[in-house]
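First up is the structure itself, then whatever we jot down about it.
Where a number appears in this text, it was derived from the coordinates with a stated rule and is not lab data. As the structure is a computational prediction, the values presented were derived from the model and not from experiment.
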Amino acid sequence: MEPKTAIPVPSLYEWAGGMEKFEAWTTLFYQRVAQDAMLEPVFRDMSPAHAQHVAHFVAEVFRGPTRYSDSEGSHYEMIHHHVGKYLTEPQRQRWVRLIQDAADDVGMPDDPEFRSALVGYLEWGSRLAVLNSNTDTISEQVEAPMPKWGWGETGGPYIP
Ligand code: HEM
């Protein structure tokens, strides 16, 4: 019997379609945020580079290139952007809803394994953002490493 060849498991970044896909996703999302009655006031003063920075941050967490931490920020700085913003649970839920709709509309992979990992990350990250926003101090170390996210319990995409 032929031994099974091990197929390397792609990173979430690779499976999603690379940086262009992340940038298209967050660009569409923040265009919609700017038109959303609940979230527009929260993001009214965001920088023109905001959508790109969030794309590069999540791409790096999903094991893509280290563009965010090389030149745009760090995990500590990302947390710092949320501190003292006093975000609410309804705002978080709206953020999660809109970013998932944008994932559908830019054609992010919709297989169960990828979406399980994506939703898990968005729930985790958005809840931390709300927690951090409701304090005025950061307990995280300045040199804290970027988080890393993987496939979780499913272990990888379904490859027949
Ligand atoms: C996985 C979840 C999240 C990630 C990865 C994330 C990431 C980021 C990053 C990278 C920045 C800095 C952007 C820049 O450099 O311009 C930022 C800023 C910010 N985020 Fe988040 N964020 C998340 C969740 C949320 C949620 C749920 C909210 C609100 C409901 C929120 C509100 C904000 C605000 C208000 C800023 C500052 C905008 C400004 O510059 O005025 N974030 N976030």
Please list, ordered by chain and number, the residues whose modelled amide H lies under 5 Å from the amide H of Gly17; skip anything fewer than 5 residues away on the same chain. none
Expected max-MSF residue from Phe22, Phe62, Phe43 in the GNM of the chain (alpha carbon, under 10 Å) is Phe43
Give the angle, between 0 and 90 degrees and rounded to the nearest 10, that separates the Cα long axis of helix 19-33 from the longest principal axis of the Cα atoms of the chain. 40 degrees
Percent RCO, i.e. relative contact order, over the chain, from Cα pairs under 8 Å lying at least 6 residues apart: 32 percent
Expected vector for the range 89-104, Karplus 3J(HN,Hα) from phi with 6.51, -1.76, 1.60 and θ = phi - 60°, integer Hz, x for Gly and Pro, equals 5, x, 5, 4, 4, 5, 4, 5, 4, 5, 6, 6, 4, 5, 4, 4
Which of rounded, prolate or oblate describes the range 91-160 when judged by the alpha-carbon gyration tensor and an a/c cut-off of 1.5? oblate
Read phi for every residue in the range 61-72 and hand back ³J(HN,Hα) as whole Hz from Karplus 6.51 cos²θ - 1.76 cosθ + 1.60, θ = phi - 60°, with x for Gly and Pro. 4, 7, 6, x, x, 8, 5, 5, 6, 6, 9, 10
Interchain or sequence-distant (5+) residues whose placed amide H lies within less than 5 Å of the amide H of Val9 are none
Based on the Cα gyration tensor of the chain, what are the three equivalent ellipsoid semi-axes, each the root of five times an eigenvalue, rounded to whole Å and given largest first? 29, 18, 15
Helix 112-133: angle to the longest alpha-carbon principal axis of the chain, degrees 0 to 90, nearest 10? 20 degrees
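Run the helix sum for the chain: -39,500 (n - 2.57) per DSSP H stretch of 4+ residues, divided by residue count, reported at 222 nm to the nearest 500 deg cm²/dmol.
For the chain, the value works out to -16000 deg cm²/dmol.
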